[in-house]
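Asks: Once you've had a glance at the structure underneath, I'll fire off some questions.
No value in this document is a laboratory result; all are computed from the given coordinates. What you are looking at is a predicted structure, and each value in this text was computed from that prediction instead of being measured. Here the Cβ positions follow ideal geometry from the backbone for every residue, glycine too, while neighbour counts run over all protein chains shown.
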């Protein structure tokens, strides 16, 4: 929205970034709002950003409501930083729930048809990854038809998948009715991979992310990076990347909605081999701290009211190291807004964009 407005000779003169607005009406409806004032360029010399009781004077306010140059993050198919692995979203079943099984449904089939055990895989969407809980899916890719054609509960499910897809208004889904045993979009990696849930609560300081093995099938509410390294995990789970995400990501209600545009446009730091090794050690410390709470979900561990002190300490050590890697000061005076403004400056250099 802001790019064409700026190009017509306007600028933002003041802004109240996103805040929760409620009223005294019955039901107490609440919505998230921003307030933005804009005028012709040159009318107002001093711009102001209002964040709760804090007023920030700015020479320029960009479309992300930051005191920073005018930067417009573009959608792109590959990472802006050369050498970074590509991100994909998980596989999409489009099956009306018929290829997805609860733990009880899985146990019922396997108890009567033990041979089906190897075709029923653990299945994760973002909710299972963060909150725990078990779901499974029929994963019949590469399985011989003769092996499952005689299994009545599986065939009944495939019939319902075929019927549902044939009634879809989408032509490609209609064609997929001919292969009801398969997900409509299959992107499952064959190596270990890093998982980032697409939706995560705004209450969390960090989006919970972690590594999974290829035996676990991930659905389309998960973004993943095949063969990601500990170093890449360390940078992505740091407060620097989280600050970038909080500004660039979309929102579902007030929750963060992580998309490939967040990752693909993120400016990575230049790091020596020694620096990468240091980040890897600190990233492993985060994973080790998590592992000491095997019965706790990621939701338990990353709730700001229940986050264990040793996990918080591990994250803070990693945060400090990543900030130093970027050359950012490690102090309370260096806010998230300062961090994102600096990252946007790096983004400009990488893309060759210029601001007015």
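Asks: Applying a 10 Å radius around every beta-carbon, put 176-185, 110-119 in order of their mean neighbour count, most first.
Replies: Descending packing order for the listed peptides: 176-185, 110-119.
Asks: On to the next question. If you average the sequence gap of Cα pairs under 8 Å that are 6 or more apart and divide by the length of segment 1-106, what percent do you get for the contact order?
Replies: With pairs under 8 Å counted, the relative contact order is 20 percent.
Asks: Using alpha carbon centroids, what distance separates segment 251-269 and segment 147-201, in Å?
Replies: Centre-to-centre (Cα) distance: 27 Å.
Asks: Could you work out the relative contact order of the chain? I mean the mean sequence separation of Cα pairs under 8 Å and 6+ apart, divided by the number of residues, in percent.
Replies: Relative contact order comes out at 17 percent.
Asks: Taking each pair of distinct Cα atoms in segment 151-196 once, what is the resulting Kirkwood hydrodynamic radius in Å?
Replies: About 12.1 Å, per the Kirkwood formula over Cα pairs.
Asks: Next question, about the same structure. Put one equal scatterer on each alpha carbon of segment 2-58, apply the Debye formula with no solvent term, and list log10 I(q)/I(0) at q = 0.16 1/Å to two decimals.
Replies: For the requested q values the scattering log ratios are -0.62.
Asks: Per DSSP helix of 4 or more residues, -39500 (n - 2.57); summed, then divided by the residues of the chain. What does that give at 222 nm, rounded to the nearest 500?
Replies: -10500 deg cm²/dmol
Asks: Going by alpha carbons, how many degrees (0 to 90, nearest 10) lie between the helix axis of 103-112 and the longest principal axis of the chain?
Replies: The two axes meet at around 20 degrees.
Asks: Using the alpha-carbon atoms, what tilt in degrees (0 to 90, nearest 10) does helix 239-248 show relative to the longest principal axis of the chain?
Replies: 90
Asks: Taking only Cα atoms, what is the 0 to 90° angle, nearest 10, from helix 309-326's long axis to the longest principal axis of the chain?
Replies: Relative to the chain, helix 309-326 is tipped by roughly 60 degrees.
Asks: Semi-axes of segment 280-325's equivalent ellipsoid from the Cα gyration tensor, sqrt of 5 times each eigenvalue, largest first, rounded to whole Å?
Replies: The answer is 20, 12, 7 Å, longest axis first.
Asks: Explain nothing, just the number: relative contact order of segment 58-191, from Cα pairs under 8 Å at least 6 residues apart, as a whole percent.
Replies: Once normalised by length, the contact order is 26 percent.
Asks: Still on this structure, I have one more. Arranged from highest to lowest average of other beta-carbon atoms within 10 Å per residue, in what order do the peptides 1-7, 238-244 appear?
Replies: In decreasing order of mean packing, 1-7, 238-244 become 238-244, 1-7.
Asks: Order by neighbour count: 222, 51, fewest other Cβ atoms within 10 Å first, most last.
Replies: Listed from fewest to most nearby Cβ atoms, that is 51, 222.
Asks: With the Cα gyration tensor of segment 91-186 giving a ≥ b ≥ c as the square roots of its eigenvalues, does the rule (a/c under 1.5 for rounded; else a/b larger than b/c for prolate; else oblate) give rounded, prolate or oblate?
Replies: Taking the square roots of the gyration eigenvalues as a ≥ b ≥ c, segment 91-186 is oblate.
Asks: Counting other beta carbons within 10 Å of each residue's own, what order do 43, 235 fall into, fewest first?
Replies: Sorted ascending by nearby Cβ count, the order is 43, 235.
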